[in-house]
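Working notes, beginning with the structure itself.
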Number of protein chains: 2
Amino acid sequence: MLHLQSASSARWLAQVDRHLDTILIDHAHCEKKAAGTAMNLMFAYPGNEPLCRELAEIVVEELDHFRQVLDLLARRSIRFRALRASNYGRQLNELAHKQDPGRAIDRMLIASLIEARSCERFALLRDHVADRELAEFYGSLFESEARHHSTYVQFARELADGATVDARLSELAASEAEIIERGDSLPRMHS
Amino acid sequence: MLHLQSASSARWLAQVDRHLDTILIDHAHCEKKAAGTAMNLMFAYPGNEPLCRELAEIVVEELDHFRQVLDLLARRSIRFRALRASNYGRQLNELAHKQDPGRAIDRMLIASLIEARSCERFALLRDHVADRELAEFYGSLFESEARHHSTYVQFARELADGATVDARLSELAASEAEIIERGDSLPRMHS
């Protein structure tokens, strides 16, 4: 369903166990970045009303998650702060074609894969962390991230024929799996 | 209250009368841009939690207005489309200092002036247009734009002492009045 070509490894769960606070802070930034991605796509396709309406809804949902993560940090007395981003998003975005129509499709599919990986990791966190409040929180976010994944794939399918989109999604998902396999020494939601 | 140094002229109202449909479409883009400005400021000050929380609320409100304007266009069978932006925002943004701390203050004050001018023009539209639905719609938006204006001025006051902020706001408001006086041949919300 999520089009991912790998499962997250025990290496990442070990980072979670050692640096849970940092990963929670990074999660807040990830929600903000997800909102920012949807907003940027609104500016990239200013005349496409149905797309802009759906993207605006995604922005609002991601910012609601952002606020929820900030509230969770506050309840745990974890100080929110700026964090250096992991290499994940940068490496993925470098894979996008530089020109349309390929660029538009790639941006949608890369956004879909980031949502998918978040979704997969939220499910892992839900099942892995002993903390009940956290487990429930990640369970509650799972569904909307899965829906955003599907929405971005659908957007791509409106831009090109299904076979073209599926082939490109498979290519990008293979690269995403390699990036996630290499990981990142910084403990992050996508390290 | 709005710190503007001029009132909009009859020239703009004449543009409204001749090109109301285009101005309504531009209004939708203005709401999207207002959301984008607040989002960009969230990314510019990633460690400032209170600021990021308030900016996220502004993004959500502006996107709600965006959707309301799209609905209004749909009810009137006005096709939403991309529009060339007027020179207003670009000219204002060029006035910002290039480096912090001046840049942060200027970005907040420029955002505050754009909200103020929108607010002033919404009040004019409310009182000028014969169409009752439109008049009520612009009346309903007035209050939130005024509040956003005050919020941005308050943000600036957290970055520097009151006298410095007031002096800079006065300078920028004088430039804003000149820009709006020159106007734009394109019929737009800020022409």
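The values are calculated or read from the model by the stated rules, or taken from the named source; none is laboratory data. Note that the structure is a prediction, hence the values are computed from the model and not measured. For neighbour counting, all protein chains shown are included, and Cβ atoms are generated from backbone atoms with ideal geometry for every residue, glycine included. For the accessible areas, the whole protein counts, side chains as well, though only heavy atoms, and no ligand, DNA or RNA atoms are used. Shrake-Rupley method; radii C 1.70, N 1.55, O 1.52, S 1.80 Å.
At a glance:
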read-out	value
Members of the range A:67-77 that are open to solvent by 40 Å² or more (accessible area, probe 1.4 Å) and within 10 Å of another protein chain (Cβ to nearest Cβ)	A:ARG67, A:ASP71, A:ALA74
Test: B:ALA156 is at pLDDT below 95, open to solvent by less than 40 Å² (accessible area, probe 1.4 Å) and within 22 Å of B:ALA44 (Cβ to Cβ)	no
Residue identified as at pLDDT 95 or above and within 22 Å of A:LEU141 (Cβ to Cβ) among A:LEU63, A:LEU95, A:LEU51	A:LEU63
Filtered residues of the range B:160-191 (kept if touching a Phe, Trp or Tyr at 6+ places or on another chain (Cβ under 9 Å), among the aliphatic types (A, V, I, L, M) and more than 16 Å from B:GLU94 (Cα to Cα))	B:MET189
Subset of the range A:36-49 [facing chain B (nearest Cβ under 10 Å) and open to solvent by 10 Å² or more (accessible area, probe 1.4 Å)]	A:ASN40, A:PHE43, A:TYR45, A:PRO46, A:GLY47, A:ASN48, A:GLU49
Residue count, the range B:78-88 (criterion: open to solvent by 20 Å² or more (accessible area, probe 1.4 Å), within 14 Å of chain A (Cβ to nearest Cβ) and of a type outside the set (A, V, I, L, M))	3
Sole exception among (1) in contact (Cβ under 8 Å) with a residue 60 or more places away in the chain; (2) within 14 Å of chain B (Cβ to nearest Cβ) for A:ASP64, by number	(1)
